[in-house]
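What follows is a short report on a single structure.
Just so it is clear, none of the values below were taken in a lab; they were calculated from the coordinates. Values in this document were obtained by computation on a predicted structure and should not be read as measured data. Counting neighbours? That spans all protein chains shown, and the Cβs are built from the backbone with ideal geometry, glycine included.
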Amino acid sequence: MKNVINEKEDGRKFKEATTSLVGKVFVRGDTMGSDEVIGYQSIHFTKDDGFYISYEHNDLAGRKFDDGTPWPSKMPLKDASFDPTRRIFHGTVEFGSLWARWGDKIFCGDDRIFCGAVKFGGSWSRWGDQYVSCRYTLVFDTQFVCVLSGDSVYNTLHGERTKVEHTFGKDCLYTINDMSTINNEETIIWLQIEGATNTTLHPFRKYRCRLCFDGFFLSDEKVV
């Protein structure tokens, strides 16, 4: 589509288009009650370290690839593209690709200096198959405080099979980590207008209710 800007094709234009995302961290939650914390598959859009998924949380320690290689603390979102009109971001985490790092600092841009390369394990077995990448589709609201919809899709080596891990806004949610300047009541109103599900609205509610997960839980707790 003509509005989609690919990072590889036009890095300067991509950088300009994603200005509203840079500096933001989106934390993950789900219907199983996972805390929205940094490092638990949180999505980071940084100026210096690029865009990446963080796996630094202690609960994710010990995860390994099929060849026994430890799962890294951070994995860059590659083959990135962004549609500024519809606010749709695409990015892929590749389990067998090369990336570079210096200590904990990631270098993943065309204008960066690569100080060394680390190769991931190549594949990760789940659901009875071996997957080599995960493609993220993130549809943001107009204020970039949450992911309204989208999904994470795992792919096999030749793309002959795929597996949808999560559908955002239904069984998983991503919301901005820093809510210190957000007026929750006003935020809920505009997010509802923009199509946010109750699952996505959960962290923004004045009274955090278990009913928010689209009826997944039932509770008499008060909601706004």
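Using θ = phi - 60° and the Karplus relation 6.51 cos²θ - 1.76 cosθ + 1.60, list the HN-Hα couplings for region 53-62 in order, rounded to whole Hz, with x at every Gly or Pro. Whole-Hz 3J(HN,Hα) from phi for region 53-62: 9, 9, 10, 7, 5, 4, 5, 9, 5, x. So for the pair Ile182, Gln143, with labels modelled 7 Å out along Cα→Cβ, what separation do we get in nm? In this crude spin-label approximation the distance works out to 0.8 nm. Between the amide H of Glu165 and those of Ser152, Val153, Tyr154, distances stay under 5 Å, these residues lying 5 or more places away or on another chain, with hydrogens modeled in the peptide plane. Remark on Ser133: its backbone amide H falls under 5 Å from those of Phe95, Asn155, a criterion applied only to residues 5 or more positions apart or on other chains, H modelled at 1.01 Å from N. Between amide H atoms placed 1.01 Å from N, distances below 5 Å from Thr46 occur with Gly23, Phe51, Tyr52, all of them 5 or more places distant or on a separate chain.
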